[in-house]
Amino acid sequence: MARKNQKAPWEPEEEIIWVSKTEMKRDMEELQKLGEELVNLKPSVLEKFPLSEELADAIKDAQRFKNEARRRQLQFIGKLMRHEDPEPIQAALDKVRNKHSQHTAVLHKLEQLRDRVVEEGDKAIADVLDLYPEADRQRLRQLARQASKEKAAGKPAKAYREIFQVLKELNDEEY
C-alpha cells in the first residue's frame, strides 16, 4: 500500500534553509566592504547615516588608523555590521553616490532654462520668475538682450554665461 502526499513522521514540519559556510563568508565580506566604504566617507557626510553609536565610534577609529590596525578595525566593523540592518545604510550610501548625478541634472536644467531665456525673451523670463520669485526681471531682460546681441555679432558669450550664473545663484538660494 503506497502512501501519497503524506510526510514521514520523522520529517520536520518546517522547511529548514541551509546556508553554506561559503555563502556566509561571502555575506560577511560584503558587509565588511560596506563598512570600508563608510570609513572612506567624510565625517560630515557620515553623520547623516543611520548608524548605531558603537558602529559610528568604530568607523571614526578606523579613519584614524593606518596599515594593520586599520585592517583589523575593518574586520571589527564587518562584525558589528552583522548586527545592523544593512538596507538603510546601503540606501543612504546610494543617495550619497547619486548626489553628483543629481547635481549634474540640475545644472543641465539650468542650462536649458538659460537657452530659453536667450531665445524666447520675456516669456521665458516670466517662467523664471514663477520658479524664483526673488529674481530680478530687469537684470534678466538686460542680460537676455545683451546675449542676443553678442550672439548676432559673433562676440564672446559673456552675458550668456552671466545669465547661467544668475540662475545658478537663484537655484542655490532656494536650497
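Residues that are open to solvent by less than 60 Å² (accessible area, probe 1.4 Å), on the phi > 0 side of the Ramachandran plot and outside the structural domain of Leu31 (by the TED database): does region 114-126 have at least one? The answer is yes, given that some residue of region 114-126 is open to solvent by less than 60 Å² (accessible area, probe 1.4 Å), on the phi > 0 side of the Ramachandran plot and outside the structural domain of Leu31 (by the TED database).
The numbered conditions (1) touching a residue at least 40 places away in the same chain (Cβ under 8 Å); (2) not in a helix (DSSP H, G or I) are all true for Leu107 except (2).
Let's see how each residue does on (1) open to solvent by less than 90 Å² (accessible area, probe 1.4 Å); (2) in the same structural domain as Lys168 (by the TED database):
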| position | (1), (2) |
| --- | --- |
| Ile59 | yes, no |
| Ala135 | yes, yes |
| Gln138 | no, yes |
| Leu143 | yes, yes |
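Looking across Val96, Val117, one residue alone is more than 30 Å from Asp27 (Cβ to Cβ) and not small (Gly, Ala, Ser). It is Val117.
The values are calculated or read from the model by the stated rules, or taken from the named source; none is laboratory data. Everything numeric here is computed off the predicted structure, so don't read it as measured data. Virtual Cβ from ideal backbone geometry, glycine too; neighbours counted across all protein chains shown. SASA here: full protein model, heavy atoms, side chains in, ligands and nucleic acids out. Shrake-Rupley method; radii C 1.70, N 1.55, O 1.52, S 1.80 Å.
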